[in-house]
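*Asks:* Pasting a structure here, questions to come.
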2 protein chains.
Amino acid sequence: MNGGIGLDRLSLNQATVKRLGLRDAVALCVRHDIPAIGLWRDRVAEAGLADAAAAVRAAGLRVSSLCRGGFFTVADPDGRRAALADNLAAVEEAAELGTGTLVLVCGGLPPGQRDLGLARRMIEDAIAALVPAALRCGVRLGIEALHPMFCADRCVISSLGEAVDLALLFPADAVGVVVDTYHIWWDARLADEIARAGRRIVSFQVCDWVLPLPADTLLGRGHLGDGCIDFGAIAAAVAAAGYSGDVEVEIFNEQVWDAPADQTAATVRERFAQVLGAGAGRRRPG
Amino acid sequence: MNGGIGLDRLSLNQATVKRLGLRDAVALCVRHDIPAIGLWRDRVAEAGLADAAAAVRAAGLRVSSLCRGGFFTVADPDGRRAALADNLAAVEEAAELGTGTLVLVCGGLPPGQRDLGLARRMIEDAIAALVPAALRCGVRLGIEALHPMFCADRCVISSLGEAVDLALLFPADAVGVVVDTYHIWWDARLADEIARAGRRIVSFQVCDWVLPLPADTLLGRGHLGDGCIDFGAIAAAVAAAGYSGDVEVEIFNEQVWDAPADQTAATVRERFAQVLGAGAGRRRPG
């Protein structure tokens, strides 16, 4: 009944092994037969852009995405110009790293502001300004809806539907959406919005919603199967929408970060197969 | 430009002064010229239903709502029957207390379950079973969308649109929706959904979204003006939808609870006038 997602589409997002530098993360993927990696700009910068690109290529890994651009909602014009410049650099870095996707966390309300509409217009304007570079570099900007609990301080794009509405304003070759289970699993309209996203889906990220939320709500994510997300239904909708790319496991969690990286990578692989693989549902953990 | 909401529509939800028993909360409202109160079932039970009703009547207060029914998403049929019986009792209590609104917090995923659709069907079935009692008692069931961060454990109805979809399945005299700013302020489609709710709005609750979220995310609410919600825009949409009833200030916050109740009531009144009153926007705090 369920074709599932093969391990040949597994990508380890670097944030899942946050303590590792880029070379160690690449080596970890190779050791655990994980064919793709999602990179973070700070770790790329630390390794050096050209060296990072060479290391990933030498290891034979695909780069499923670069995290991340965004944070466009800055009240003063100088700040907005700086954000734009930084995002233009990120587009070029993505191209040099050989990935077609730059993930955008678009930004929350500017400090002291309450106007969501204004913040959303700042985002639209910034993306419009990035489109030419994205087209030139062959990199698609992936608008990520963040969970509404991050609306005030991190991203005013709070539902997949809103991300799709925004992406559709721009050419499909330049702007798409990120489907991240953690942020959108609760949405009663999710299946329809995934279908509407269609070929605009440029990244599929997975991790589980685990209770209780930790004191730092950014770090509440869990390994697949440890929480309450029905991954099978979401994965089926994403497949039906036409997405057949890499699937990134991205887990922000202090305990996961404290675990030995090899243990984390093994768990990521095992759970991916159990929860998303062929026949998933019959033998899920939990 | 802004007609605003007069203090004659202010209601103090009992949860804002959680440490007070019913009689003390009633006396507080009288002292602070607050004309309405939102009651909680535990405090009503503690005072005795008939005595509670008599105390509120004698004080000349309106009861804007009774909190709360719901928690319908129980895996075993006996548990579901018990929830239904409890909710039938709550409908009758609401009628005896003289309020036309019973607020419903519908329930999260049953423990160990991941099927949001199943949980939502349990809620629909339970509401259907309550409709005859609601009509007979002249009490409307107010479906409250809770913030998506509570989807797993408290309420799988996570957006106003979803609450409206559900309410529209039932007679308008029996089922409506609660608009609570804390839970839905982030929603890009909020204005449209409030318009669609129209006369189905049976309660309007207000409090602010304050960062950082506390360790217990249930308790992160703030006095109007202390956070980042744009109350004016939401209040205008609610007014345009046709709602002209009481407006409940409902704040779950450990520090607010620890403050002297008279200070809390004074702040509630002052902020209500500043943030929601005529001319609000020119002289908002913060």
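The values are calculated or read from the model by the stated rules, or taken from the named source; none is laboratory data. Computed from a predicted model, the values in this text were never measured in an experiment. When we count neighbours, we look across all protein chains shown, and the Cβ atoms used for this are built from the backbone with ideal geometry, even at glycine.
*Asks:* Quickly run through the range B:88-143 and pick out the residues that are assigned to a loop (DSSP other than H, G, I, E, B) and away from chain A (no Cβ under 14 Å).
*Replies:* Within the range B:88-143, B:98, B:99, B:100, B:138, B:139 meet the criteria.
*Asks:* For the range B:158-174, how many residues meet the condition of being under 14 Å from the mean Cα position of the chain (by Cα) and not small (Gly, Ala, Ser)?
*Replies:* 1
Residues checked against (1) closer than 30 Å to residue B:170 by Cα; (2) of a type outside the set (Ser, Thr, Tyr); (3) at pLDDT 95 or above; (4) touching a Lys or Arg at 6+ places or on another chain (Cβ under 9 Å):
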position	(1), (2), (3), (4)
B:190	yes, yes, yes, no
B:208	no, yes, yes, yes
B:220	no, yes, no, no
B:227	no, yes, yes, yes
B:234	yes, yes, yes, no
B:285	no, yes, no, yes
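*Asks:* If you don't mind, there's one more thing I want to ask. Have a look at A:80, A:23, A:41 and point out the one that is surrounded by 15 or more Cβ atoms within 10 Å (Cβ to Cβ) and in contact with a strand residue (DSSP E or B) (Cβ under 7 Å, 6 or more places away or on another chain).
*Replies:* On the way: A:80 fails: in contact with a strand residue (DSSP E or B) (Cβ under 7 Å, 6 or more places away or on another chain); A:23 fails: in contact with a strand residue (DSSP E or B) (Cβ under 7 Å, 6 or more places away or on another chain).
Exactly one of A:80, A:23, A:41 is surrounded by 15 or more Cβ atoms within 10 Å (Cβ to Cβ) and in contact with a strand residue (DSSP E or B) (Cβ under 7 Å, 6 or more places away or on another chain), namely A:41.
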